[in-house]
1. Taking all protein chains in place and a 1.4 Å probe, what share, in percent, of the accessible surface of the range 94-201 do carbon and sulfur account for?
2. Ignoring ligands, DNA and RNA, how do Arg116, Arg237, Arg178 rank by accessible area with a 1.4 Å probe, largest first?
3. By how many nm would the segment from Met89 to Ser5 grow when fully extended, if each residue of separation counts as 0.36 nm and the alpha-carbon distance is taken off?
4. Per the Kirkwood definition applied to all pairs of different Cα atoms, how many angstroms is the hydrodynamic radius of the range 47-178?
5. I'd like the GluC sites (Glu not before Pro) in the range 4-77 restricted to DSSP loop residues with at most 14 other Cβ atoms within 10 Å, sorted by number.
6. Pairs of Cα atoms under 8 Å, at least six residues apart: use those to get the relative contact order of the chain, whole percent.
7. Any chance you could give the angle, 0 to 90 degrees and rounded to 10, that helix 70-80 forms with the longest Cα principal axis of the chain?
8. Defining a contact as two alpha carbons under 8 Å apart and six or more residues distant in sequence, what relative contact order in percent does the range 149-273 show?
Amino acid sequence: MSLRSTDSTLTPADLADWSEPGTHLAVIGDPVRHSLSPPMHNAALAQMAKVDARFASWRYWKIEASAEALPETLSVLHRLGFVGVNLTMPHKQIAVSLVTAIDPHAAAMGAVNTLRRTPSGYEGFNSDGYGIIEALRESIGVQVAGADIVLLGAGGAARAAAVAFVERGCRSLSIGYRSPGPFDALGGILRPIAGASIVRGFTLAEPPLDLPANAVIVNATPLGLKPGDPPPVDLARFPGKPAVYDMNYSHANTALTLEATRLGLRAASGLSMLVHQGVRSLEIWSGAKVPVDVMSAAASAALASR
């Protein structure tokens with residue numbers, strides 16, 4: 001019988017006397033208390049248990065741990081038998097050096113967000129690229145292959161998206177940045193895999209006038225989240241009728257998606273990306289079919305209840 005609620009936020013200290021029965025998964029972040037991952041994963045697991053009884057004992061938790069505490073926390077989770085771990089900020093890049101094996105796609109991205117237990121440690125995967133590809137298809141009807149994409153941001157959140165766009169054969173990828181350092185680092189990741197794709201950079205403060213018409217604009221910055229903040233870019237400066245996707249999901253609408261809607265453009269925020277990366281993670285851990293609709297409904301309900 002479970003002694004704790006999966007709604008609670010655990011700390012590494014809570015693991016010292018861990019006695020929960022069953023099979024366990026967790027997300028680790030700092031902060032993580034507002035994560036939507038536990039409700040959406042636990043809803044999916046409850047549905048999966050109706051088809052396969054072994055999932056009736058599976059539980060998904062959230063653990064708040066600092067970057068300094070991550071190595072020891074992962075070691076403890078492995079010892080306790082946690083079969084899967086999700087990582088959110090600031091751990092995705094740090095954990096690359098902590099896994100015993102890494103999927104080639106995650107290695108190319110330089111970040112892991114999904115860990116699967118093996119006898120010797122955790123192996124690392126990255127489901128964020130899959131998440132953004134599926135989210136664009138589902139939310140705004142965009143197929144990445146052959147598309148012109150404008151990615152706002154060159155930091156950690158942008159890495160998986162940029163690699164996924166290039167690997168899926170986007171026609172061009174224009175990356176807006178606030179400072180050149182992160183863009184240079186991302187360019188070093190993309191160059192070996194870009195092939196015929198055209199990758200260019202620009203400063204967010206001054207988007208060039210020759211950006212492709214009817215592009216897909218993907219925001220991977222935190223800009224425009226606070227009430228009253230302007231969007232990260234002026235959408236009126238972009239030629240044609242771009243489609244807009246904001247990877248942020250803390251609110252149903254962001255400054256960018258609200259402006260896009262005002263201009264009559266297709267737009268969506270990042271909840272669908274969260275859902276699809278979660279679906280892929282749970283597939284990796286369980287080897288079973290994951291109910292996307294159940295996970296999506298649970299994530300939407302959890303966001304609405306905030």
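The values are calculated or read from the model by the stated rules, or taken from the named source; none is laboratory data. Treat the numbers as computed from the prediction; the structure is a model and nothing was measured. Here the Cβ is made from the backbone with ideal geometry for all residues, glycine too, and neighbour counts use every protein chain on show. To get the accessible areas, we keep the full protein, side chains included, count just its heavy atoms, and leave off ligands, DNA and RNA. Shrake-Rupley method; radii C 1.70, N 1.55, O 1.52, S 1.80 Å.
1. On the way: 2240 of 4240 Å².
Carbon-and-sulfur percentage of accessible area, whole number: 53.
2. Working: Arg116 80, Arg237 115, Arg178 160 Å².
The ranking, largest first, comes out as Arg178, Arg237, Arg116.
3. 27.9 nm
4. On the way: mean 1/r = 0.0609 Å⁻¹.
One over the average 1/r among Cα pairs gives 16.4 Å for the range 47-178.
5. Details: sites: Glu64, Glu68, Glu72; in loops: Glu68.
Passing sites in the range 4-77 are Glu68.
6. On the way: 608 pairs, mean separation 50.0, N = 306.
Dividing the mean separation by the residue count of the chain yields 16 percent.
7. Tilt of helix 70-80: around 40 degrees.
8. Numbers: 229 pairs, mean separation 28.4, N = 125.
Over the range 149-273, the number comes to 23 percent.
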